[in-house]
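Asks: Shown below is the structure under consideration.
Just so it is clear, none of the values below were taken in a lab; they were calculated from the coordinates. These numbers were taken from a predicted model, which means no experiment stands behind them. Using ideal geometry, Cβ is built from the backbone for each residue, glycine included, and neighbour counts are taken over all protein chains shown.
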Amino acid sequence: MVNVMSILTNGLSNATPLILAALGEMLVERSGKVNLGVEGMMAVGAAAGSLAGVKWNSLAGSFLVGGLSGALLSLIYVVAVIGLNADQIVTGLILVFMGIGLSELIGIKTGGTPGTPLFPSLGPFDYLEVFSIVLAVFLWFLLYKTWTGVELRAIGEDELSALERGLRVKTLRVISIIVGGFLAGVAGTYLSDSFHYGRWYSGITGGMGWIAIGDVILGYWHPFGILISGYFTGLLFAMKPLLPTIGIPAELADALPYFLVLVALIIVTFIYKRLGISPPASVWKTIR
Amino acid sequence: MRGLSEKVSRRDFLKLATASVIGLAIGLGGGYAWGRESSTKTATPQTPSKTTTSSTTSTSLAQRKIRALWIYVGPIGDYGWTKAHDDGRKYVQNKFGKWLVTRYLEKVPEDQAYSVIKDQLETTRYDAVFATSWGYMNAVKRLAEEYPQVFFYHCSGPWEYFKDEKNVTTYFAEFYQLYFLNGIAGGAVTETCKVGYVPAFLTPEVIRHINAFAMGSVYGAKLMGKCGNGEKLEIYVTKPLNAWFAPSAARNAAKMLVDNYDVDVIAYTEDSTSILETAESYWDEGKKVYSFSHYSNMYEYFLKKGKKLRSHLTGQVANWGPIYEYLLARLYANDAFKEDIWARLGDFTPIRWKRPISESKAGQPEGAVYLAPLNTKVIPSKAIIKIKELYEDMRELLFEPFTGPIWGYRIDSEGRPQESPKLKVPPGVRLGRNDLWYINWFYEKITSLVK
Amino acid sequence: MMDKQEYAQKVQKTIMNVKNIVVIYPNGVVANKGVSLDIHKGEILGILGENGAGKTTLMKVISGRLRPSSGEIYIEGKKVQFRSARDALKYGIAMVPQHPQLFGGLSVLEDLGLSLKLAGMNISRERLRSKIEEIEEKYGINIDLEAKIWRLSMGERQKVDLVRTILLGKKIIILDEPTTHLTPMESEKLINIMKKLSKEGRAVLFITHKLKEALMASDRIAVMRKGKIVGIVKKEEASEELLIKLMFGDKIDSEISYVKAQKRERDKVLEVINLWVKGPHGVWSLKGIDLHVFHNEIVGIAGIAGNGQRELFETLLGLRKASKGRIIIKGVDVTKKAPLYRRLLGLAVIPEERLGWALVPGKSIFYNIALGLVFDDKSFFIDWKRYKTLARKVVKMFDVKLGSVDDPVDSLSGGNMQKVIVARELLRSVDLVLAMNPTAGLDFKATLAVRRTLASLRSRGSSVLLISEDLDELTELSNRIYVMSRGVIKGPFERPFNLKEIAKAMTT
């Protein structure tokens, strides 16, 4: 008894926060840095967005504040990593914990009250679902059809060459990181505003940020790739309760989405290697 | 049972909160005020928040004062388990303000409970300690031996564990009767003849709730003469969420029941409003899906927020206040003794006698556990009358859902059948306290969605 | 004294002149020691010199990639200062670096367009495409503009860089060892392109260490040695002999006889047979190497850096896999054996990188000495005391200047570090020492000490395979010398060495 249509639409709503956060992280990684703080920025976005929604009873305000809070948190990363040459991995992890902590601090103030009205739906889709797809198209255009996008990609490819050639390494990087933070914040707000009917709760992100980072790799740092990988993982989440009914061991069902992401990562990485495709070259390097 | 899963998340949270404070100090120059606020409110559970007593005029009477300490595993703002207990604390605070001083510690990790409580007992005199999480069991047992002058109250713990501790009382609010009544409402309204249940865990507590709900819905369908007199009613139980609090997973599970199994009544055990709201969201798409209140009157809660739920049938509500009232009154009267409280319908109410249906309080607050408002627009009046009748009967234990003959099959922790249905309760027999406390089988009509 | 007319002519002809350029790197290395050079319009100026002579440093200064410690740059008589490559680009100075620095994920068109945009030209993709195609046609260069850079071979990438410099280098085009990644055919083609470019009035600076190419292409050849320009030769006056003399200095004529007569035994300590090894980029770095080392001899391997010496060293040590061929140490085939096995056979190693390869930075001196001996230590517990006393003894023996053996090893000077390494390696019974540039960066005294140790090893009966870029060192120490060039071995050359022959072998 499988209602395919409902799984497909549920998949998209589950995928939307992943896609938003992953697109943001893609920008960061395209610029040659890795911000592991996605989970934290999402958590803050979820809490701050929910609080703003409660206070103002405005959906737009909720998303704006959620996004800005994520961007604000990413500023810490900017200061630490770009400004003070701190280790990007450690800084990212600190951001995660800070974000989750701040999320509790802010979120308690909402107390789990449903604030914003139920998320308006556009037929089978909602605004953010449509926005995430439009955003992917926009980012694709930006990265591949404008010189600024080419410059951003170049920075991510080879930082030293970029510096030597006089590209705007720092400027573009800082912008990418802040935009990445904003999108993660919006993704977090989506979790509370849409998933949970306008309500924040403790531990709301539940690893979504990490999955989003995985989706960046899975989508090969490409906006459309991320659309696909995000949708794939969203689908897995939507199908999770269905899995035991089709004979997949219940103990496995909870872990299966994560496991499948891992398997997909291994397969995709293998294919990339076979094809000779490599990630933006300076990603994961610690040259500063 | 509860708290078993909360253990991990809550403890992690404390670490995270601390990390955030540190992170703030490092990262944000302007974040100092925030960090400080968090340190008093969240990061230092060792400082109990004191609630000032309302009356200060009667001090000259030099009355005996009872000092009681509540230990919470979560934040009081969780709008769930901990808040319900804190509401109970406030209830007794208002009632006994003259002689009662209450304090509470929130977000106390279970593995630190012993030292945190001991700290308090060393510095301040307390007469009573209420430990509101299953995971505090060990701490309470040790402390009870070390502080024989203090009375300890453990919520949800098995009384056998504290057999030898004279100063430990166990207490719990039991819902299975209410779930049976929910089932009647569900069976009476279902149009698809399919109802579902989303469990958090398959602990005995939840299993008896599932069985009660399932039997109730068959009863309800039969009452209305639909679904082949209840014979053709299908009851689906999803895979347990494996968390008491999992809004996201609960939402997905509820959606699956509706989308793939055509279920239109969903009962659940999960500490959020997620499933009720999911049911409500289907009404926007023109689909009638019903659900219930859990632990608090969610209908009223949403009404206050300006939303009139269409999906709300009724539900199970707990009020810890009367239980605390009873326990503290005994303590104040120097009449406390070791007991095991398992609050059911009719307990902690002024009058235990059953009332005529017209005067039934089904759907109104009374006692420690009661029925959430009944949706009279949807539930047929025949069913309403039956619910009220049984509600009143249950108050006097004249009606008991778990009365034989009941057939069922044993399940494992994920709900997989372990045997073919067997006669679990012989005709005319009622299940006893321990049978219910350790129940491990599903009512035969239940279809487990875990294969 | 120049008369006025001549001066005016010269100024007109000169596009750029640099005066007294001094470059001191942060690590204290003086790469350019007061270089002055005039660059003329429409000429191909060859810059010839050994590795480390300062050619690339000078070019980086000219192309704005490096700011000199002192010195002046004039363009058409006007003094200028470059803060970055971008500044130099504005004056029409562009460079093809030795190793192409392109952005792997971009397409060729994107990579080129980015540079144009940086130079201040805002140009649409379509116009850029037609412009590039024009250049391709004019100079006979073929690149697929839509291809992603990472798919291109090194040679193709160089073409991209070449197109870029043609687009941007309106006045001066610099090519830094452009033939490194090219086949002889391609090299010839490149030289033709250079000639075309110079005919258009641009100055082409052509850096190379290959005599033949320099002679073939250049109008003038500036020879650099040890950070200085030691001579500028016009094409008409240039000859191989003259250039070799300039490149390598006086040592060409002086034969050093600091070798005792050696007894030669017929048994071989090391034998390498038809060794084929792939380098880091998957191209063949060693193409059928054959060599052998006898007892009691030092065998030198000469060659300009990057001709396969490193790969040979790593393969002999066991760090790099041989695709074909055999390595035999003391009659045992070790081709597929681990480094430890080879070491237990009596192989000692003095690598080029002291810290990281030979020594653990941050750890104490005695710890580092002990580390070289642990695989002989059969006991379960570490007897630190024993190692400490041993270390003290050794340090005294080799005259290492240090405070205490507990000091971190990186507090030592380069020379003393090398002494520690040599001492440690020789503590064990050693039959074959594998040394790579053992005296690079050492001062005169330390150099002498290391060389003496190697020589004394030979007199003790051990053998040494000495891979070095320093011809002096090789001729001074070696019994025989092989030359490596493009992954192929030439020689051996026997004593007395004919340096002309060796230098020729190195540069062809």
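Asks: Students often get this wrong, so check it: of C:LYS79/C:LYS195; C:LYS55/C:LYS235; B:LYS232/B:LYS354; A:LYS109/B:LYS90; C:LYS336/C:LYS419; C:LYS131/C:LYS199, which have C-alpha atoms separated by over 22 Å?
Replies: Numbers: C:LYS79/C:LYS195 28 Å; C:LYS55/C:LYS235 19 Å; B:LYS232/B:LYS354 33 Å; A:LYS109/B:LYS90 20 Å; C:LYS336/C:LYS419 31 Å; C:LYS131/C:LYS199 20 Å.
C:LYS79/C:LYS195; B:LYS232/B:LYS354; C:LYS336/C:LYS419, as the Cα separations exceed 22 Å there.
Asks: Let me ask something additional. Taking just the C-alpha trace of the protein assembly as shown, give me its Rg and Dmax in Å.
Replies: My reading of the Cα-based Rg and Dmax gives 41.1, 131 Å.
Asks: Averaged across B:252-261, how many Cβ atoms of other chains sit within 10 Å of each residue's Cβ atom? List each step's numbers first, then the result.
Replies: Details: counts 10, 3, 1, 9, 13, 1, 2, 11, 9, 4.
So the per-residue partner count for this stretch is 6.
Asks: Mind putting a number on the dipole of the protein assembly as shown about its Cα centre? Charges go on the C-beta only, +1 for Lys and Arg and -1 for Asp and Glu, and I need it in Debye to the nearest 20. If you can, show how the numbers build up before the last one.
Replies: Working: 159 positive and 125 negative charges, 467 e Å.
For this selection, approximately 2240 debye.
Asks: Non-local amide H neighbours of C:LYS324 (under 5 Å, H modeled in plane, Pro and chain starts lacking H): which ones?
Replies: It is C:TRP276, by chain and number.
Asks: Separate question: Taking neighbour counts of Cβ atoms within 10 Å as a proxy for exposure, in what order, fewest first, do A:MET41, A:MET5 appear?
Replies: On the way: A:MET41 40, A:MET5 10.
Ranking A:MET41, A:MET5 by Cβ neighbours within 10 Å, fewest first, gives A:MET5, A:MET41.
Asks: Continuing with the same structure: Mean residue ellipticity at 222 nm from the helices of chain B, using -39,500 (n - 2.57) per DSSP H segment of n ≥ 4 over the full residue count, to the nearest 500 deg cm²/dmol?
Replies: Numbers: 13 runs with 164 residues, N = 451.
It lands at -11500 deg cm²/dmol.
Asks: Which Cα, out of A:GLY206, C:SER69, C:MET247, lies furthest along the positive dipole direction of the protein assembly as shown (beta carbon charges, K/R +1, D/E -1)?
Replies: Of the listed residues, the answer is C:MET247.
Asks: Could you work out how much longer the chain between C:THR389 and C:LYS228 gets when fully extended? Use 0.36 nm per residue separation minus the Cα distance between them, nm to one decimal.
Replies: Numbers: separation 161, 0.36 × 161 = 57.96 nm, distance 4.72 nm.
Result for the pair: 53.2 nm of gain on full extension.
Asks: Mean Kyte-Doolittle hydropathy of 0.5 or higher plus an axial Cα length of 15 Å or more: which whole DSSP H helices in chain B meet both?
Replies: On the way: long enough: B:6-27 (30 Å, 0.46); B:81-95 (22 Å, -2.05); B:113-123 (16 Å, -0.26); B:176-189 (20 Å, 0.85); B:204-223 (28 Å, 0.41); B:247-261 (20 Å, -0.37); B:274-284 (16 Å, -0.45); B:321-332 (16 Å, 0.32); B:381-395 (21 Å, -0.52).
Span-like helices here: B:176-189.
Asks: Applying 1/(1 + (r/R0)^6) with R0 = 35 Å to the Cβ-Cβ distance of B:GLU191 and A:VAL130, what FRET efficiency is obtained, to the nearest 0.05? The partial results should precede the final answer.
Replies: Values: r = 33 Å, r/R0 = 0.94.
After rounding, the FRET efficiency stands at 0.60.
Asks: Let me ask something else. Please compute, for peptide A:4-12, the average count of beta-carbon atoms on other protein chains lying within 10 Å of each residue's beta-carbon. Intermediate values should be presented prior to the final figure.
Replies: Details: counts 2, 1, 5, 4, 0, 2, 5, 0, 0.
Counting other chains' Cβ atoms within 10 Å and averaging over A:4-12 gives 2.
Asks: Kindly point out, ordered by number, any Cys in the protein assembly as shown whose beta-carbon has no other cysteine beta-carbon under 4.7 Å away.
Replies: Taking the Cβ cut-off of 4.7 Å, the unpaired cysteines of the protein assembly as shown are B:CYS155.
Asks: Just tell me which lysines come within less than 16 Å, Cα to Cα, of B:LYS239; anything on the same chain fewer than 8 places away is out.
Replies: Straight-distance partners of B:LYS239: A:LYS240, B:LYS255, B:LYS451.
Asks: Still on this structure, please answer the following. Between C:SER70 and C:LYS199, how many nm apart are label points set 7 Å from Cα along the C-beta direction?
Replies: So the label points at C:SER70 and C:LYS199 sit 4.5 nm apart.
Asks: Quick check: from the Cα gyration tensor, does region A:168-237 come out rounded (a/c under 1.5), prolate or oblate?
Replies: Values: a/c = 2.53, a/b = 1.31, b/c = 1.92.
Note, shape of region A:168-237 comes out oblate.
Asks: With N set to the number of residues, divide the alpha-carbon radius of gyration of chain B by 2.2 N^0.38 Å and report two decimals.
Replies: 1.02
Asks: Of all DSSP beta bridges located in chain B, what percent are antiparallel, nearest 5? Don't skip to the end; give the middle numbers.
Replies: Numbers: 13 of 52 bridges.
Antiparallel bridges: around 25 percent, rounded to the nearest 5.
Asks: List B:CYS155, B:CYS193 from most exposed to least, where exposure is judged by having the fewest other Cβ atoms within 10 Å.
Replies: Working: B:CYS155 26, B:CYS193 21.
Ordered by Cβ neighbours within 10 Å, fewest first: B:CYS193, B:CYS155.
Asks: Roughly what would the spin-label model give for B:ASN138 and C:ILE273, points 7 Å off Cα along C-beta, in nm?
Replies: 6.8 nm
Asks: Further question on the same structure: In debye to the nearest 20, how big a dipole does region C:361-458 give about its Cα centre with +1 on each Lys and Arg Cβ and -1 on each Asp and Glu Cβ? Let's see the in-between values first.
Replies: Working: 16 positive and 10 negative charges, 64 e Å.
In total the dipole reaches around 300 debye.
Asks: For region B:241-374, rounded, prolate or oblate, judged on the Cα gyration tensor with a ≥ b ≥ c (square roots of eigenvalues), a/c < 1.5 rounded, else prolate if a/b > b/c?
Replies: Values: a/c = 2.72, a/b = 1.89, b/c = 1.44.
Prolate is the answer for region B:241-374, as a/c is 1.5 or above and a/b outweighs b/c.
Asks: Between B:HIS85, A:ASN57, B:ASN319, whose Cα lies farthest towards the positive end of the dipole of the protein assembly as shown when Lys and Arg beta carbons carry +1 and Asp and Glu beta carbons carry -1, centred on the Cα centre?
Replies: After comparing all options, I get A:ASN57.
Asks: Output needed: percent of Cα pairs per 10 Å distance bin for region C:69-112, bins running from 0 to the one holding the longest distance.
Replies: In order of increasing distance, the bins hold 21, 40, 25, 13, 0 percent.
Asks: Right, next: Please name which of B:LEU181, C:VAL405, B:LEU374 has its Cα lying farthest along the dipole of the protein assembly as shown towards the positive end, using unit charges on Cβ (Lys, Arg +1; Asp, Glu -1) and the Cα centre as origin.
Replies: The Cα lying farthest towards the positive end belongs to C:VAL405.
Asks: So how much slack lies between A:LYS55 and A:ARG168, counting 0.36 nm per residue of separation and subtracting their Cα-Cα distance, in nm?
Replies: Numbers: separation 113, 0.36 × 113 = 40.68 nm, distance 4.00 nm.
Difference between extended and current length: 36.7 nm.
Asks: Classify region A:4-287 from the C-alpha gyration tensor, please: rounded if a/c falls under 1.5, else prolate or oblate depending on whether a/b exceeds b/c. List each step's numbers first, then the result.
Replies: Details: a/c = 1.69, a/b = 1.23, b/c = 1.38.
It is oblate, given that a/c is not under 1.5 and a/b is not larger than b/c.
Asks: Starting from the Cα of C:GLU136, step 7 Å along the direction of its Cβ; do the same at C:LYS324; then give the gap between the two resulting points in nm.
Replies: Spacing of the two 7 Å Cα→Cβ label points: 3.5 nm.
Asks: Using Cβ contacts closer than 10 Å as the measure, can you line up C:ARG480, C:ARG424, A:ARG30 from fewest to most? All intermediate terms of the calculation are to be shown ahead of the outcome.
Replies: Details: C:ARG480 19, C:ARG424 24, A:ARG30 29.
Fewest-to-most Cβ neighbours within 10 Å comes out as C:ARG480, C:ARG424, A:ARG30.
Asks: Within 10 Å of each Cβ in peptide A:237-249, how many partner chain Cβ atoms are there on average? Round it to a whole number, please. Show your work: numbers first, answer last.
Replies: Details: counts 3, 4, 2, 6, 15, 10, 5, 10, 11, 2, 2, 3, 4.
The per-residue average across the peptide is 6.
Asks: Take the Cβ-Cβ distance between C:LEU402 and C:PHE375 as r, set R0 to 30 Å, and report the resulting FRET efficiency rounded to the nearest 0.05.
Replies: 0.75
Asks: Then there's this: With +1 on each Lys and Arg Cβ and -1 on each Asp and Glu Cβ, how big is the dipole of chain A about its Cα centre, in debye rounded to the nearest 20?
Replies: In debye, rounded to 20, chain A gives about 440.
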